[in-house]
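One structure is given here, and the rest of the page talks about it.
The values are calculated or read from the model by the stated rules, or taken from the named source; none is laboratory data. Nothing here was measured: the structure is a model prediction, and the numbers come from that model. FYI the Cβ positions are ideal-geometry reconstructions off the backbone, even for glycines, and counts take in every protein chain you see. Accessible surface is based on the protein model in full, side chains and every heavy atom, while ligands, DNA and RNA are left aside. Shrake-Rupley method; radii C 1.70, N 1.55, O 1.52, S 1.80 Å.
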Amino acid sequence: QVQLVESGGGLVQTGGSLRLSCVASGSIASIHTMGWYRQAPGKQRELVATVTSPGSTNYADSVKGRFTISRDNAKNTVYLQMNSLKPEDTAVYYCNAFLTTRERPAWGNYWGQGTQVTVSS
């Protein structure tokens, strides 16, 4: 069984910063990619940023230059530093991991429960 637990969401004013964390735990064999997605009310879930095990990163155009994704492979943890936040960044942020478990060698996507980020104008 695998769990992804996010933390660090909250309410912040426009221009402020937040740091999200996500820890993956359980019977994990290998994690390839970890990332963050978000879903605003009435909208589809969208990619925010991803980072592979070797450290390659990918960002949505809307967050480039403001958000930074990083990862601690030894701790199975991914971080998202969010600076210069805007009201349009308001959403539930979900952690994602593409991994294999000791019970199932096939790669699969796992999701956290989500953490709310609200940016007030």
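Filtered by the rule that a residue be aliphatic (A, V, I, L, M), open to solvent by 50 Å² or more (accessible area, probe 1.4 Å) and under 11 Å from the mean Cα position of the chain (by Cα), the stretch 44-97 gives a lone residue, 47.
Note on the stretch 101-110: among residues that are in contact (Cβ under 8 Å) with a residue 60 or more places away in the chain and under 21 Å from residue 58 (Cβ atoms), the one that is nearest to the chain's Cα centre (by Cα) is 110. Screening residue 41 with (1) open to solvent by less than 50 Å² (accessible area, probe 1.4 Å); (2) assigned to a loop (DSSP other than H, G, I, E, B) gives one miss only, at (1). Checked against the criterion of being in contact with a helix residue (DSSP H, G or I) (Cβ under 8 Å, 6 or more places away or on another chain) and in contact (Cβ under 8 Å) with a residue 12 or more places away in the chain, the candidates 62, 70, 84 yield just one match: 62.
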